[in-house]
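Below is one structure; the comments refer to it alone.
Values in this text are rule-based calculations from the coordinates and carry no lab data. These numbers were taken from a predicted model, which means no experiment stands behind them. Backbone-built Cβ (ideal geometry, glycine too); neighbour counts: all protein chains shown.
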Amino acid sequence: MKPTLLNLTEDGSHTIVSDKFGESYHSRHGAVQESRHVFIAAGLHEQAKQRSQLHILEFGFGSGLNAALTWQWAREQIDCSIHYTALEAYPISIDLAQQLNYSSQLALPDFLDLHHAPWDEAIPLSDSFTLEKVQQEFEKYDPSHQFDLIYYDAFAPSAQPELWQEPLLAKVFAWCALGAILVTYCAKGSFKRALKAVGFEIEGLPGPPGKREMTRAVREASK
């Protein structure tokens, strides 16, 4: 079954619903608004203060929105380069990607380049941004290097509970470089306890509109 395009979210940007999981890819309160709050402001801005070269791993390429916002941010910098790895087991079609309004919402006319980029290959999209899309289930991924920043944007624990539990999170912790940050919209207590159990330090932050809290986790430099 193919994902179906939803109506506009409250900030005027599109989201998608997954027929497979019955979940929306983004908040109905605003797709772009949520992604900027959770992943760019709480994650990318914070980590870019410390490093001029960033390896980012996204759990769930999905609509390409998080990658687009990161690419847009990288274009505006003069002293930061990003290698962006995106895991996605169920890519959307190019036809569906063409219906998304992110090109106009973000003033990013080459948004579709993210979707046209080949899978399982590192593609420089600009001097400061390289995209590597990996079509694979999260549980089977085995990276060749560590990451400085994790965008944990999998479907909710109610839809994919195994992705929010200790066995996978222990792998994620091992994939993190010292001082790495993980950011996610999820603030569920059992998830935060699992993060802490595998070694992360946890910080609860104000959530985006429509959500009281989000989570930032850090692999401390001494661990």
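So the values come out like this:
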{"read-out": "Per-residue ³J(HN,Hα) for region 132-145, Karplus 6.51 cos²θ - 1.76 cosθ + 1.60, θ = phi - 60°, Hz, x for Gly and Pro", "value": "10, 8, 10, 8, 6, 5, 4, 5, 9, 6, 9, x, 9, 8"}
{"read-out": "Residues of region 113-127 with amide N under 18 Å of the 7 Å Cα→Cβ point at SER93", "value": "115-117"}
{"read-out": "Hydrodynamic radius (Kirkwood) for region 4-218, which is based on Cα pairs only, to one decimal in Å", "value": "17.2"}
{"read-out": "Inter-probe distance in nm under a simple model that places probes 7 Å from Cα toward Cβ, at ALA174 and GLN53", "value": "2.5"}
{"read-out": "Inter-part distance where region 57-106 and region 145-164 are each reduced to a Cα centre, Å", "value": "16"}
{"read-out": "ILE78-ALA221 FRET efficiency (beta carbon distance; Förster radius 25 Å; 0.05 resolution)", "value": "0.45"}
{"read-out": "Pairs of lysines in the chain (C-alpha under 21 Å apart; 8 or more residues apart or interchain)", "value": "16"}
{"read-out": "Under 5 Å, built H, 5+ apart or other chain: amide partners of GLU213", "value": "GLY207"}
{"read-out": "Fully extended contour minus Cα-Cα distance, from GLU213 to ASP120, at 0.36 nm per residue", "value": "30.1 nm"}
{"read-out": "R0 of 35 Å, Cβ-Cβ distance ARG193-GLN146: FRET efficiency to nearest 0.05", "value": "0.90"}
{"read-out": "SER103/GLU23 FRET efficiency (R0 22 Å; Cβ-Cβ; nearest 0.05)", "value": "0.35"}
{"read-out": "Amide H contacts of LEU182 (H built 1.01 Å from N, under 5 Å, at least 5 apart or other chain)", "value": "ILE150, ALA217, VAL218, ARG219"}
{"read-out": "Exposed GluC sites (Glu not before Pro) absent: longest stretch of the chain, with sites in DSSP loops and at most 12 other Cβ within 10 Å deemed exposed", "value": "138-219"}
